[in-house]
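Following: one structure in structure tokens, then a few remarks.
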Amino acid sequence: MAAPTKQSAMLYAHPDGHTIEHFYDSLTVCTSDGIAISLPIGPLGLADLGRAMLELAEGADDSELRGNELASKLLNKLLKVRGDSAKSFKATDRALSKLAKLPNQKDAIAGFSAALYPVLRIGVANIPKQTGSAN
């Protein structure tokens, strides 16, 4: 039997706040809402898990990362041209055109959305409420 590992390691952190950590022979998966599930797994189990994950990742491309980078660049551009609708529209159009050309569209869109969602969520939540009628 292997001695328990005593080091803590963050294995994965999702942009939405979900995490996977390994600590004292336990693999803990935690949602952004704080719901956690821990499973006992030691060094040998981690090695098996790592090999299985690498097999799943074979053939994967970097479309999700590239989509995320496109959205991040778009957000930075929109901050620079804030208030200029024409430049904002042009920047958004360019980013979406580049996104459409990326391979593996599902992953590219997922990466793009992951970068934009938190910003849009905060922005929409802070839109001033309109009072009265708009006649």
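The criterion of being within 26 Å of GLY123 (Cα to Cα), hydroxyl-bearing (Ser, Thr, Tyr) and open to solvent by 90 Å² or more (accessible area, probe 1.4 Å) holds for SER85. Within the stretch 55-77, the set of residues being open to solvent by 50 Å² or more (accessible area, probe 1.4 Å), aliphatic (A, V, I, L, M) and at pLDDT 85 or above comprises just one member, LEU65. The C-beta contact set for the stretch 14-25 (first residue under 16 Å from LEU49 (Cβ atoms), second residue small (Gly, Ala, Ser) and in a loop (DSSP other than H, G, I, E, B), distance under 8 angstrom, 6+ apart or interchain) comprises GLU21/SER8; HIS22/SER8; PHE23/SER8; ASP25/GLY42.
The values are calculated or read from the model by the stated rules, or taken from the named source; none is laboratory data. Every value quoted in this text rests on a predicted model; they were computed, and no experiment measured them. Cβ coordinates were reconstructed from backbone atoms using ideal geometry, including for glycine residues, and neighbour counts include every protein chain displayed. Heads up: the accessible areas ignore ligands, DNA and RNA and are worked out on the full protein's heavy atoms, side chains in. Shrake-Rupley method; radii C 1.70, N 1.55, O 1.52, S 1.80 Å.
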